[in-house]
Amino acid sequence: MKLAVIGTGYVGLVAGACFAESGNDVVCVDKDQAKIDILNAGQMPIYEPGLEELVRRNRQEGRLSFTTSLDTAVKEAQIIFIAVGTPQGEDGSADLQHVLAVARDIAHAMNGYKVIVDKSTVPVGTSEKVAAAVRAETKHPFSIVSNPEFLKQGAAIDDFMKPDRVVIGSGDRRATDMMLELYAPFTRTGAPIMVMDCASAELAKYAANAMLATRISFMNEVANVCELVGADVDHVRKAIGSDRRIGTSFLFPGVGYGGSCFPKDVQAMMHFASQKQYDFKILNAVEAVNKQQKTRLFVKLQQHFGSLQGRTIALWGLAFKPKTDDMREAPAIPLIRALLEAGATVQAYDPEASRVAKGIFGDRVSFVPTRYDAVQGADALAIVTEWSEFRLPDFDRMKSLMKSPVVFDGRNLFAPEQMKQHGFTYYSIGRSTAA
Ligand SMILES: NC(=O)c1ccc[n+]([C@@H]2O[C@H](COP(=O)([O-])OP(=O)(O)OC[C@H]3O[C@@H](n4cnc5c(N)ncnc54)[C@H](O)[C@@H]3O)[C@@H](O)[C@H]2O)c1
(Lines give C-alpha, C1' and ligand atoms only; values in the text may rest on other atoms or scores of the structure.)
Protein backbone atom coordinates (compact mmCIF):
# COMPACT_ATOMS: atom_id res chain seq x y z
CA MET A 1 0.00 0.00 0.00
CA LYS A 2 1.07 3.60 -0.45
CA LEU A 3 1.29 5.45 2.85
CA ALA A 4 2.17 8.92 4.08
CA VAL A 5 3.08 9.50 7.73
CA ILE A 6 2.93 13.14 8.79
CA GLY A 7 5.15 13.87 11.80
CA THR A 8 8.45 11.98 11.91
CA GLY A 9 8.97 11.81 15.69
CA TYR A 10 9.18 8.85 18.06
CA VAL A 11 5.84 7.50 16.81
CA GLY A 12 5.82 8.58 13.16
CA LEU A 13 9.36 7.40 12.39
CA VAL A 14 8.85 4.02 14.06
CA ALA A 15 5.44 3.51 12.43
CA GLY A 16 6.77 4.57 9.01
CA ALA A 17 9.79 2.27 9.23
CA CYS A 18 7.70 -0.69 10.47
CA PHE A 19 5.05 -0.24 7.76
CA ALA A 20 7.84 -0.11 5.15
CA GLU A 21 9.37 -3.26 6.65
CA SER A 22 6.13 -5.12 5.92
CA GLY A 23 6.33 -4.13 2.24
CA ASN A 24 4.44 -0.84 2.00
CA ASP A 25 5.73 2.27 0.23
CA VAL A 26 6.03 4.91 2.94
CA VAL A 27 6.81 8.60 2.75
CA CYS A 28 7.52 10.21 6.13
CA VAL A 29 6.86 13.94 6.26
CA ASP A 30 8.02 16.49 8.80
CA LYS A 31 7.97 20.27 8.79
CA ASP A 32 11.32 20.26 10.59
CA GLN A 33 13.81 20.58 7.73
CA ALA A 34 16.77 19.75 9.99
CA LYS A 35 15.17 16.45 11.01
CA ILE A 36 14.49 15.49 7.39
CA ASP A 37 18.05 16.46 6.38
CA ILE A 38 19.46 14.22 9.14
CA LEU A 39 17.32 11.30 7.97
CA ASN A 40 18.18 11.85 4.32
CA ALA A 41 21.86 11.86 5.30
CA GLY A 42 21.35 8.35 6.70
CA GLN A 43 21.48 9.46 10.34
CA MET A 44 19.00 9.29 13.21
CA PRO A 45 17.39 12.31 14.89
CA ILE A 46 16.46 10.18 17.94
CA TYR A 47 17.77 7.12 19.73
CA GLU A 48 15.56 4.06 19.64
CA PRO A 49 17.08 0.55 19.70
CA GLY A 50 17.02 -1.14 16.27
CA LEU A 51 15.54 1.86 14.47
CA GLU A 52 18.68 2.95 12.61
CA GLU A 53 19.10 -0.48 11.00
CA LEU A 54 15.40 -0.71 10.10
CA VAL A 55 15.39 2.75 8.51
CA ARG A 56 18.63 2.10 6.61
CA ARG A 57 17.39 -1.19 5.15
CA ASN A 58 14.02 0.16 4.05
CA ARG A 59 15.54 3.32 2.55
CA GLN A 60 18.05 1.24 0.62
CA GLU A 61 15.29 -1.00 -0.69
CA GLY A 62 13.36 2.07 -1.81
CA ARG A 63 10.28 1.63 0.38
CA LEU A 64 10.94 4.46 2.83
CA SER A 65 11.69 8.12 2.10
CA PHE A 66 11.71 11.43 3.94
CA THR A 67 10.49 14.83 2.83
CA THR A 68 9.15 18.16 4.00
CA SER A 69 6.70 18.17 1.10
CA LEU A 70 3.37 17.10 2.56
CA ASP A 71 1.64 17.91 -0.69
CA THR A 72 3.46 15.31 -2.83
CA ALA A 73 3.31 12.67 -0.09
CA VAL A 74 -0.47 13.08 0.30
CA LYS A 75 -1.15 13.01 -3.43
CA GLU A 76 0.63 9.66 -3.78
CA ALA A 77 -0.82 8.03 -0.65
CA GLN A 78 -3.93 5.91 -0.12
CA ILE A 79 -3.67 6.11 3.67
CA ILE A 80 -2.30 9.15 5.52
CA PHE A 81 -1.29 8.93 9.17
CA ILE A 82 -1.25 12.00 11.39
CA ALA A 83 1.47 11.42 14.00
CA VAL A 84 2.30 14.93 15.17
CA GLY A 85 2.64 16.00 18.80
CA THR A 86 -0.36 16.78 21.00
CA PRO A 87 1.37 18.62 23.85
CA GLN A 88 -0.26 19.83 27.01
CA GLY A 89 -1.99 23.17 26.66
CA GLU A 90 -1.93 25.78 29.41
CA ASP A 91 -5.20 24.50 30.93
CA GLY A 92 -4.08 20.86 30.85
CA SER A 93 -6.02 20.05 27.69
CA ALA A 94 -4.39 18.34 24.70
CA ASP A 95 -3.29 21.04 22.27
CA LEU A 96 -4.69 20.04 18.87
CA GLN A 97 -3.21 22.86 16.81
CA HIS A 98 -0.66 20.61 15.03
CA VAL A 99 -3.23 17.88 14.31
CA LEU A 100 -5.73 20.33 12.86
CA ALA A 101 -3.08 22.21 10.88
CA VAL A 102 -2.02 18.92 9.30
CA ALA A 103 -5.68 18.05 8.60
CA ARG A 104 -6.06 21.30 6.65
CA ASP A 105 -2.77 20.74 4.78
CA ILE A 106 -3.92 17.23 3.82
CA ALA A 107 -7.23 18.60 2.55
CA HIS A 108 -5.45 21.14 0.32
CA ALA A 109 -3.27 18.42 -1.17
CA MET A 110 -5.98 15.80 -1.77
CA ASN A 111 -6.53 14.52 -5.30
CA GLY A 112 -9.06 11.71 -4.67
CA TYR A 113 -10.34 9.37 -1.93
CA LYS A 114 -8.01 9.17 1.09
CA VAL A 115 -8.12 7.41 4.43
CA ILE A 116 -6.92 9.89 7.06
CA VAL A 117 -5.77 8.14 10.21
CA ASP A 118 -5.23 9.86 13.50
CA LYS A 119 -2.33 8.13 15.27
CA SER A 120 -1.60 10.99 17.68
CA THR A 121 -3.13 10.69 21.14
CA VAL A 122 -6.20 12.92 21.00
CA PRO A 123 -9.31 13.50 23.13
CA VAL A 124 -12.71 12.12 22.27
CA GLY A 125 -14.32 14.14 19.50
CA THR A 126 -11.08 14.90 17.65
CA SER A 127 -11.95 12.62 14.73
CA GLU A 128 -15.01 14.81 14.15
CA LYS A 129 -12.91 17.97 14.39
CA VAL A 130 -10.41 16.54 11.89
CA ALA A 131 -13.28 15.54 9.57
CA ALA A 132 -14.76 19.05 9.78
CA ALA A 133 -11.36 20.66 9.11
CA VAL A 134 -10.83 18.48 6.02
CA ARG A 135 -14.41 18.84 4.77
CA ALA A 136 -14.14 22.64 4.92
CA GLU A 137 -11.21 22.61 2.49
CA THR A 138 -11.91 19.89 -0.09
CA LYS A 139 -14.63 18.29 -2.19
CA HIS A 140 -12.74 14.97 -2.45
CA PRO A 141 -14.14 12.01 -0.52
CA PHE A 142 -12.30 10.75 2.58
CA SER A 143 -12.70 8.58 5.68
CA ILE A 144 -11.40 9.33 9.15
CA VAL A 145 -9.96 6.56 11.28
CA SER A 146 -8.71 6.70 14.86
CA ASN A 147 -5.76 4.36 15.37
CA PRO A 148 -4.08 5.20 18.70
CA GLU A 149 -0.52 4.01 19.19
CA PHE A 150 0.49 1.95 22.23
CA LEU A 151 4.23 1.55 21.63
CA LYS A 152 6.73 2.16 24.44
CA GLN A 153 9.88 4.13 23.75
CA GLY A 154 12.89 1.89 24.27
CA ALA A 155 10.96 -1.12 22.90
CA ALA A 156 9.08 0.71 20.17
CA ILE A 157 9.92 -1.51 17.21
CA ASP A 158 9.06 -4.70 19.02
CA ASP A 159 5.83 -3.16 20.30
CA PHE A 160 4.90 -1.99 16.82
CA MET A 161 5.84 -5.22 15.03
CA LYS A 162 4.21 -7.44 17.67
CA PRO A 163 1.48 -5.35 19.32
CA ASP A 164 -0.67 -6.66 22.17
CA ARG A 165 -3.61 -5.35 20.14
CA VAL A 166 -4.40 -2.92 17.37
CA VAL A 167 -7.26 -0.51 17.98
CA ILE A 168 -9.14 0.87 15.00
CA GLY A 169 -11.88 3.43 15.48
CA SER A 170 -13.90 3.64 12.30
CA GLY A 171 -17.47 4.02 11.17
CA ASP A 172 -16.74 3.21 7.56
CA ARG A 173 -16.44 -0.26 5.96
CA ARG A 174 -14.09 0.74 3.13
CA ALA A 175 -11.58 2.41 5.47
CA THR A 176 -11.86 -0.41 8.03
CA ASP A 177 -11.06 -3.02 5.38
CA MET A 178 -7.98 -1.08 4.25
CA MET A 179 -6.77 -0.81 7.86
CA LEU A 180 -7.37 -4.53 8.47
CA GLU A 181 -5.30 -5.35 5.39
CA LEU A 182 -2.53 -2.97 6.46
CA TYR A 183 -2.28 -4.44 9.97
CA ALA A 184 -2.66 -8.11 9.03
CA PRO A 185 1.12 -8.73 8.87
CA PHE A 186 1.53 -7.37 12.42
CA THR A 187 -1.07 -9.59 14.02
CA ARG A 188 -0.16 -13.04 12.66
CA THR A 189 0.71 -14.21 16.17
CA GLY A 190 -2.95 -13.82 17.10
CA ALA A 191 -3.00 -10.34 18.61
CA PRO A 192 -6.49 -8.96 18.12
CA ILE A 193 -7.40 -6.09 15.84
CA MET A 194 -10.24 -4.37 17.64
CA VAL A 195 -12.63 -2.35 15.51
CA MET A 196 -14.77 0.11 17.41
CA ASP A 197 -16.26 3.56 17.18
CA CYS A 198 -13.85 6.52 17.11
CA ALA A 199 -14.83 7.81 20.56
CA SER A 200 -14.00 4.47 22.20
CA ALA A 201 -10.70 4.21 20.33
CA GLU A 202 -9.72 7.72 21.36
CA LEU A 203 -10.66 7.12 24.97
CA ALA A 204 -8.95 3.69 25.12
CA LYS A 205 -5.53 5.30 24.66
CA TYR A 206 -6.06 7.76 27.54
CA ALA A 207 -7.55 5.09 29.78
CA ALA A 208 -4.52 2.82 29.15
CA ASN A 209 -2.00 5.52 30.03
CA ALA A 210 -4.04 6.72 33.00
CA MET A 211 -4.25 3.16 34.35
CA LEU A 212 -0.49 2.64 33.97
CA ALA A 213 0.27 5.98 35.63
CA THR A 214 -2.11 5.01 38.45
CA ARG A 215 -0.22 1.77 39.06
CA ILE A 216 3.05 3.67 39.32
CA SER A 217 1.71 6.27 41.74
CA PHE A 218 -0.02 3.54 43.75
CA MET A 219 3.24 1.61 44.13
CA ASN A 220 5.12 4.78 44.99
CA GLU A 221 2.68 5.44 47.82
CA VAL A 222 2.99 1.83 49.01
CA ALA A 223 6.79 2.30 48.98
CA ASN A 224 6.55 5.49 51.01
CA VAL A 225 4.42 3.70 53.61
CA CYS A 226 6.91 0.79 53.63
CA GLU A 227 9.66 3.21 54.63
CA LEU A 228 7.55 4.57 57.48
CA VAL A 229 6.49 1.20 58.93
CA GLY A 230 9.72 -0.74 58.28
CA ALA A 231 8.40 -3.03 55.51
CA ASP A 232 10.27 -3.90 52.30
CA VAL A 233 8.47 -2.87 49.12
CA ASP A 234 10.19 -5.63 47.14
CA HIS A 235 8.49 -8.27 49.26
CA VAL A 236 5.19 -6.44 49.13
CA ARG A 237 5.43 -6.02 45.35
CA LYS A 238 6.06 -9.71 44.77
CA ALA A 239 3.33 -10.74 47.19
CA ILE A 240 0.66 -8.64 45.50
CA GLY A 241 1.94 -9.19 41.95
CA SER A 242 1.49 -12.94 42.15
CA ASP A 243 -2.26 -12.37 42.44
CA ARG A 244 -3.35 -12.78 38.80
CA ARG A 245 -5.88 -10.00 39.16
CA ILE A 246 -2.97 -7.64 39.87
CA GLY A 247 -0.05 -9.12 37.88
CA THR A 248 3.66 -8.41 38.20
CA SER A 249 4.23 -5.87 35.41
CA PHE A 250 4.52 -2.19 36.06
CA LEU A 251 4.60 -2.53 39.85
CA PHE A 252 8.01 -1.00 40.48
CA PRO A 253 8.33 2.01 42.76
CA GLY A 254 10.76 4.73 41.73
CA VAL A 255 11.23 8.46 41.38
CA GLY A 256 7.98 9.13 39.53
CA TYR A 257 6.90 8.74 35.93
CA GLY A 258 7.98 11.11 33.18
CA GLY A 259 8.11 11.05 29.41
CA SER A 260 6.07 12.74 26.74
CA CYS A 261 2.91 10.73 27.39
CA PHE A 262 1.83 9.85 30.95
CA PRO A 263 2.04 13.37 32.44
CA LYS A 264 0.22 15.09 29.60
CA ASP A 265 -2.29 12.28 29.01
CA VAL A 266 -3.29 12.15 32.70
CA GLN A 267 -3.79 15.93 32.59
CA ALA A 268 -5.75 15.77 29.34
CA MET A 269 -8.05 13.03 30.61
CA MET A 270 -8.83 15.03 33.74
CA HIS A 271 -9.45 18.04 31.56
CA PHE A 272 -11.89 16.47 29.09
CA ALA A 273 -13.71 14.73 31.95
CA SER A 274 -14.06 18.07 33.74
CA GLN A 275 -15.48 19.64 30.60
CA LYS A 276 -18.36 17.20 31.04
CA GLN A 277 -18.60 18.24 34.71
CA TYR A 278 -16.88 15.02 35.82
CA ASP A 279 -14.22 15.27 38.52
CA PHE A 280 -11.76 12.42 37.88
CA LYS A 281 -10.60 12.27 41.50
CA ILE A 282 -8.15 9.36 41.19
CA LEU A 283 -6.17 11.07 38.46
CA ASN A 284 -5.82 14.22 40.55
CA ALA A 285 -4.19 12.09 43.23
CA VAL A 286 -2.07 10.15 40.70
CA GLU A 287 -0.62 13.41 39.50
CA ALA A 288 -0.04 14.90 42.93
CA VAL A 289 1.70 11.72 44.14
CA ASN A 290 3.91 11.74 41.05
CA LYS A 291 4.94 15.33 41.58
CA GLN A 292 5.90 14.58 45.16
CA GLN A 293 7.70 11.37 44.23
CA LYS A 294 9.97 13.30 41.90
CA THR A 295 11.32 15.13 44.99
CA ARG A 296 12.06 11.93 47.00
CA LEU A 297 15.75 11.56 46.12
CA PHE A 298 16.43 15.22 46.76
CA VAL A 299 14.70 15.07 50.17
CA LYS A 300 16.76 11.98 51.09
CA LEU A 301 19.97 13.71 49.97
CA GLN A 302 19.11 16.76 52.04
CA GLN A 303 18.26 14.70 55.10
CA HIS A 304 21.58 12.85 54.83
CA PHE A 305 23.85 15.85 54.24
CA GLY A 306 21.95 18.69 55.91
CA SER A 307 23.23 21.32 53.50
CA LEU A 308 24.15 20.38 49.93
CA GLN A 309 26.14 23.57 49.40
CA GLY A 310 29.52 22.71 47.89
CA ARG A 311 28.74 18.99 47.60
CA THR A 312 29.45 17.07 44.41
CA ILE A 313 26.61 14.75 43.41
CA ALA A 314 27.03 12.11 40.71
CA LEU A 315 23.98 11.25 38.61
CA TRP A 316 23.52 7.98 36.77
CA GLY A 317 20.74 8.36 34.24
CA LEU A 318 19.10 11.41 32.69
CA ALA A 319 16.52 9.97 30.25
CA PHE A 320 13.00 9.46 31.60
CA LYS A 321 13.48 5.70 31.11
CA PRO A 322 16.22 3.40 29.81
CA LYS A 323 16.90 2.81 26.11
CA THR A 324 15.80 6.27 25.02
CA ASP A 325 17.38 9.70 24.76
CA ASP A 326 14.05 11.37 25.56
CA MET A 327 14.12 13.76 28.53
CA ARG A 328 10.59 15.13 28.31
CA GLU A 329 9.29 15.39 31.92
CA ALA A 330 12.23 13.26 33.08
CA PRO A 331 12.57 13.02 36.90
CA ALA A 332 16.27 13.94 36.45
CA ILE A 333 15.27 17.49 35.48
CA PRO A 334 13.66 18.64 38.76
CA LEU A 335 16.34 16.75 40.73
CA ILE A 336 19.19 18.52 38.91
CA ARG A 337 17.43 21.89 39.27
CA ALA A 338 16.99 21.34 43.03
CA LEU A 339 20.63 20.25 43.44
CA LEU A 340 21.96 23.28 41.54
CA GLU A 341 19.71 25.61 43.54
CA ALA A 342 21.01 24.06 46.76
CA GLY A 343 24.58 24.89 45.67
CA ALA A 344 25.69 21.38 44.68
CA THR A 345 27.84 20.48 41.69
CA VAL A 346 26.33 17.82 39.40
CA GLN A 347 28.36 15.28 37.39
CA ALA A 348 26.01 13.30 35.18
CA TYR A 349 26.32 10.26 32.96
CA ASP A 350 23.71 8.77 30.64
CA PRO A 351 24.44 6.37 27.77
CA GLU A 352 22.20 8.27 25.32
CA ALA A 353 20.58 11.39 26.77
CA SER A 354 23.57 13.65 27.56
CA ARG A 355 23.23 15.60 24.30
CA VAL A 356 19.56 16.36 25.02
CA ALA A 357 20.33 17.18 28.66
CA LYS A 358 23.09 19.56 27.57
CA GLY A 359 20.46 21.42 25.59
CA ILE A 360 18.51 21.92 28.84
CA PHE A 361 21.29 22.61 31.34
CA GLY A 362 24.20 23.81 29.16
CA ASP A 363 27.42 23.86 31.18
CA ARG A 364 25.72 24.18 34.55
CA VAL A 365 26.05 20.39 34.71
CA SER A 366 29.18 18.45 33.87
CA PHE A 367 28.27 15.65 31.43
CA VAL A 368 30.88 12.91 31.51
CA PRO A 369 31.56 9.98 29.16
CA THR A 370 31.42 7.06 31.63
CA ARG A 371 29.63 6.06 34.81
CA TYR A 372 32.96 6.01 36.67
CA ASP A 373 33.82 9.55 35.57
CA ALA A 374 30.55 10.62 37.18
CA VAL A 375 31.43 9.26 40.63
CA GLN A 376 34.98 10.66 40.58
CA GLY A 377 35.34 12.83 43.71
CA ALA A 378 31.58 12.66 44.41
CA ASP A 379 30.05 12.98 47.88
CA ALA A 380 27.19 10.76 46.75
CA LEU A 381 25.72 8.99 43.74
CA ALA A 382 22.04 9.37 42.79
CA ILE A 383 20.62 6.75 40.40
CA VAL A 384 17.73 8.12 38.38
CA THR A 385 17.33 5.85 35.32
CA GLU A 386 17.61 2.05 35.38
CA TRP A 387 19.93 1.50 32.40
CA SER A 388 21.15 -2.14 32.33
CA GLU A 389 24.79 -1.08 32.48
CA PHE A 390 24.24 0.35 35.97
CA ARG A 391 23.20 -3.00 37.43
CA LEU A 392 26.62 -4.61 37.88
CA PRO A 393 29.25 -1.91 38.43
CA ASP A 394 32.68 -2.51 39.95
CA PHE A 395 31.75 -1.46 43.50
CA ASP A 396 35.36 -1.37 44.74
CA ARG A 397 36.32 0.94 41.88
CA MET A 398 33.32 3.16 42.64
CA LYS A 399 34.24 3.34 46.30
CA SER A 400 37.84 4.20 45.56
CA LEU A 401 36.75 7.03 43.24
CA MET A 402 34.09 8.58 45.50
CA LYS A 403 34.82 11.08 48.26
CA SER A 404 32.26 9.27 50.44
CA PRO A 405 30.53 5.97 49.57
CA VAL A 406 26.87 7.01 49.67
CA VAL A 407 24.30 5.90 47.10
CA PHE A 408 20.75 7.19 46.65
CA ASP A 409 19.08 4.67 44.38
CA GLY A 410 15.81 5.86 42.87
CA ARG A 411 15.34 2.57 40.97
CA ASN A 412 16.18 -0.09 43.59
CA LEU A 413 18.90 -1.63 41.41
CA PHE A 414 20.76 -3.24 44.31
CA ALA A 415 19.97 -5.20 47.45
CA PRO A 416 20.53 -3.16 50.63
CA GLU A 417 22.44 -6.03 52.27
CA GLN A 418 24.75 -6.33 49.24
CA MET A 419 25.50 -2.59 49.34
CA LYS A 420 26.26 -2.73 53.05
CA GLN A 421 28.75 -5.54 52.42
CA HIS A 422 30.40 -3.44 49.71
CA GLY A 423 30.81 -0.69 52.31
CA PHE A 424 28.21 1.79 51.05
CA THR A 425 25.58 3.78 52.87
CA TYR A 426 22.63 2.94 50.67
CA TYR A 427 19.26 4.64 50.40
CA SER A 428 16.59 3.25 48.09
CA ILE A 429 12.81 3.51 47.62
CA GLY A 430 10.48 1.69 50.01
CA ARG A 431 13.25 -0.26 51.78
CA SER A 432 15.27 0.37 54.89
CA THR A 433 18.55 2.23 54.65
CA ALA A 434 21.70 0.12 54.71
CA ALA A 435 24.77 1.56 56.42
N1 LIG B 1 6.35 8.96 22.23
C2 LIG B 1 5.63 7.92 22.58
O3 LIG B 1 6.09 6.99 23.23
C4 LIG B 1 4.18 7.84 22.15
C5 LIG B 1 3.50 6.61 22.27
C6 LIG B 1 2.17 6.54 21.86
C7 LIG B 1 1.53 7.69 21.39
N8 LIG B 1 2.21 8.87 21.31
C9 LIG B 1 1.51 10.02 20.77
O10 LIG B 1 1.92 10.20 19.42
C11 LIG B 1 1.97 11.59 19.09
C12 LIG B 1 3.36 11.94 18.59
O13 LIG B 1 4.27 11.75 19.65
P14 LIG B 1 5.85 11.73 19.42
O15 LIG B 1 6.46 11.37 20.71
O16 LIG B 1 6.18 10.96 18.20
O17 LIG B 1 6.08 13.29 19.13
P18 LIG B 1 7.40 14.01 18.59
O19 LIG B 1 7.41 15.36 19.19
O20 LIG B 1 8.58 13.11 18.77
O21 LIG B 1 7.16 14.11 17.01
C22 LIG B 1 6.19 14.92 16.42
C23 LIG B 1 6.73 15.38 15.07
O24 LIG B 1 5.68 16.05 14.36
C25 LIG B 1 6.28 17.11 13.62
N26 LIG B 1 5.25 18.07 13.23
C27 LIG B 1 4.54 18.92 14.01
N28 LIG B 1 3.69 19.65 13.28
C29 LIG B 1 3.84 19.24 11.99
C30 LIG B 1 3.25 19.62 10.76
N31 LIG B 1 2.32 20.57 10.72
N32 LIG B 1 3.65 18.99 9.64
C33 LIG B 1 4.60 18.03 9.67
N34 LIG B 1 5.20 17.64 10.82
C35 LIG B 1 4.84 18.23 11.96
C36 LIG B 1 7.33 17.66 14.56
O37 LIG B 1 8.30 18.42 13.87
C38 LIG B 1 7.88 16.37 15.18
O39 LIG B 1 9.01 15.89 14.45
C40 LIG B 1 1.54 12.34 20.35
O41 LIG B 1 0.16 12.56 20.29
C42 LIG B 1 1.83 11.34 21.45
O43 LIG B 1 1.02 11.52 22.58
C44 LIG B 1 3.52 8.97 21.67
Odd one out for TYR113, checked against (1) more than 15 Å from the ligand (Cβ to nearest atom); (2) closer than 21 Å to GLU202 by Cα; (3) surrounded by fewer than 16 Cβ atoms within 10 Å (Cβ to Cβ): (2)
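Here's the yes/no breakdown for (1) under 17 Å from LYS119 (Cβ atoms); (2) outside any helix (DSSP H, G or I):
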position: ASP71; (1), (2): no, no
position: LYS75; (1), (2): no, no
position: GLU90; (1), (2): no, yes
position: HIS98; (1), (2): yes, no
position: ILE106; (1), (2): yes, no
Hey, VAL145 closer than 30 Å to MET327 by Cα, in contact with a Gly (Cβ under 8 Å, 6 or more places away or on another chain) and among the β-branched types (Val, Ile, Thr) or not: no
The range 241-252, residues that are more than 16 Å from the ligand (Cβ to nearest atom) and within 30 Å of TYR427 (Cβ to Cβ): GLY241, SER242, ASP243, ILE246, GLY247, THR248, SER249, LEU251, PHE252
Residue that is nearest to ASN40 (Cα to Cα), among those in the range 69-88 that are surrounded by fewer than 17 Cβ atoms within 10 Å (Cβ to Cβ) and within 14 Å of the ligand (Cβ to nearest atom): SER69
Test: residue in the range 253-275 that is part of a helix (DSSP H, G or I), out of contact with any Phe, Trp or Tyr (no Cβ under 6 Å at 6 or more places or on another chain), away from the ligand (no atom under 16 Å from the Cβ) and farther than 23 Å from LEU413 by Cα: yes
Any hit, the range 362-375, residues being hydrophobic (A, V, I, L, M, F, W, C) and over 30 Å from LEU51 (Cβ atoms): yes
Residue list for the range 11-60, restricted to those being farther than 17 Å from MET1 by Cα, away from the ligand (no atom under 12 Å from the Cβ) and in contact with a helix residue (DSSP H, G or I) (Cβ under 6 Å, 6 or more places away or on another chain): MET44, GLY50, LEU54, VAL55
Criterion: closer than 16 Å to MET196 by Cα and either assigned to a helix (DSSP H, G or I) or among the aromatic types (Phe, Trp, Tyr) (or both) - qualifying residue of GLU128, GLU149: GLU128
So LEU228, is it under 20 Å from TYR427 (Cα atoms), part of a helix (DSSP H, G or I), without any contact (Cβ under 8 Å) to a residue 12 or more places away in the chain and not polar (S, T, N, Q): yes
Index of the failed condition, ALA382 passing every other in (1) in contact with a helix residue (DSSP H, G or I) (Cβ under 7 Å, 6 or more places away or on another chain); (2) assigned to a helix (DSSP H, G or I); (3) surrounded by 20 or more Cβ atoms within 10 Å (Cβ to Cβ): (2)
Candidate set from the range 164-182 (those that are out of contact with any Leu (no Cβ under 8 Å at 6 or more places or on another chain) and within 16 Å of the ligand (Cβ to nearest atom)); member that is farthest from PHE262 (Cα to Cα): GLY169
Residue within the range 389-396 that is at pLDDT 95 or above and under 22 Å from ASN220 (Cα atoms) present: yes
In the range 325-357, the residues that are among the charged types (D, E, K, R) and not in a loop (DSSP other than H, G, I, E, B): ARG337, GLU341, ARG355
Positions within the range 138-152 being away from the ligand (no atom under 16 Å from the Cβ) and either at pLDDT below 95 or basic (Lys, Arg) (or both), in sequence order: LYS139
Enumeration of residues in the range 30-47 that are touching a strand residue (DSSP E or B) at 6+ places or on another chain (Cβ under 9 Å) and under 17 Å from GLU149 (Cβ atoms): ASP30
Condition met for ALA380 (at pLDDT below 95 and under 30 Å from HIS235 (Cα atoms)): no
Set GLN267, GLN293: member being modelled with pLDDT of 95 or more and either surrounded by 24 or more Cβ atoms within 10 Å (Cβ to Cβ) or in contact with a Leu (Cβ under 8 Å, 6 or more places away or on another chain) (or both): GLN293
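The values are calculated or read from the model by the stated rules, or taken from the named source; none is laboratory data. Note that the structure is a prediction, hence the values are computed from the model and not measured. Note that each Cβ is placed from the backbone with ideal geometry, even for glycine, and that neighbours are counted across all protein chains shown.
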